[in-house]
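What follows is a set of notes on a single structure, which appears directly below.
The values are calculated or read from the model by the stated rules, or taken from the named source; none is laboratory data. None of the values given here were measured: they were computed from a predicted structure. FYI the Cβ positions are ideal-geometry reconstructions off the backbone, even for glycines, and counts take in every protein chain you see.
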Amino acid sequence: MESAGRGIPLADVVLLPPADGRMEVWAAGRYDAERPDLSFTATPERLVTDGEAIGACGHWTFDVAQPELAVVLNAAGEIVGYTVCNDVGSHDIEGENALNPWQATLVERSCALAPGIRPAWLVPDPHQLAVRVCQTRGSRVVWAQEASTASLRRRIPDLASRLFREQRFPDGAVLSTGTGLVPGRDDGLAPGDLVVIEIAGVGALINPVGRRDVSPSRR
């Protein structure tokens, strides 16, 4: 009989994104309006996690990686931890119509979350974290950049409070806080690329890029 204390090799385990049930993923924009720009981004079944392919559509000519610190909130709106997010977006769709930004992000496999949650008490100051991204195509670096969460225009507790002010999240929520890392026009995603995002003190997220019209079954 196998010992109850025997571990399972990590390679034999399928890690899922840290969102389930009725949780929702929201994202904060980087605008200066008095009311924060908070937008619905994904449901758990649309998410991917470390090692899984994020999607890029061939008919969208400028899909981009968006490296962001994500805040994990419980049902009471309390910050319980942090993780790494790639909130993939399409600048083409955003540019076509100011009323259509949700179409640039709320699609299958357009949001990736690292599987691990760094407890909030182990992150002394979430506003002083280095964020790095490296996008490669074969052996060539397409885009590499570094920024800090110090550039966030709003404090994280304020964003969390605004999100929960007018709506309920019975199973909690994940709030991606916005990015100061903006790729150039020639740095869009293409199938076969690899995107690596690292946030100091929080974790890392690695995703290959595929086509969004191919929807793998994971669950």
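I'm checking my understanding of the structure. Among residues of segment 81-91 that are out of contact with any helix residue (DSSP H, G or I) (no Cβ under 6 Å at 6 or more places or on another chain) and assigned to a strand (DSSP E or B), which one is farthest from ALA114 (Cα to Cα)? Full working, then the answer.
First, the residues of segment 81-91 that are out of contact with any helix residue (DSSP H, G or I) (no Cβ under 6 Å at 6 or more places or on another chain): 82-88, 91.
From what is left, the residues that are assigned to a strand (DSSP E or B) are 82-87.
Details: TYR82: 10, THR83: 6, VAL84: 5, CYS85: 7, ASN86: 9, ASP87: 12 Å.
Step by step, filter segment 81-91, then rank; the result is ASP87.
Screening the candidates VAL196, VAL133, VAL202 for the property of being more than 22 Å from ASP37 (Cα to Cα), at pLDDT 95 or above and surrounded by fewer than 18 Cβ atoms within 10 Å (Cβ to Cβ) yields one hit, VAL196. Note on segment 136-168: residues that are surrounded by 14 or more Cβ atoms within 10 Å (Cβ to Cβ) and of a type in the set (Lys, Arg) amount to 4. Could you list, in sequence order, the residues of segment 177-202 that are β-branched (Val, Ile, Thr) and out of contact with any Pro (no Cβ under 7 Å at 6 or more places or on another chain)? Within segment 177-202, THR177, VAL182, VAL195, VAL196, ILE199, VAL202 meet the criteria. Scanning segment 165-189 for residues that are at pLDDT below 95 and hydrophobic (A, V, I, L, M, F, W, C) turns up LEU181, VAL182, LEU189.
Residue pairs whose Cβ atoms lie under 8 Å apart, sitting 6 or more positions apart in sequence or on different chains, and linking a residue in segment 57-77 that is within 30 Å of ASP171 (Cα to Cα) and modelled with pLDDT of 90 or more to a partner that is among the aromatic types (Phe, Trp, Tyr) and in a strand (DSSP E or B), are ALA65/TRP143; LEU69/TYR82; ALA70/TYR82; VAL71/TYR82; VAL72/TYR82.
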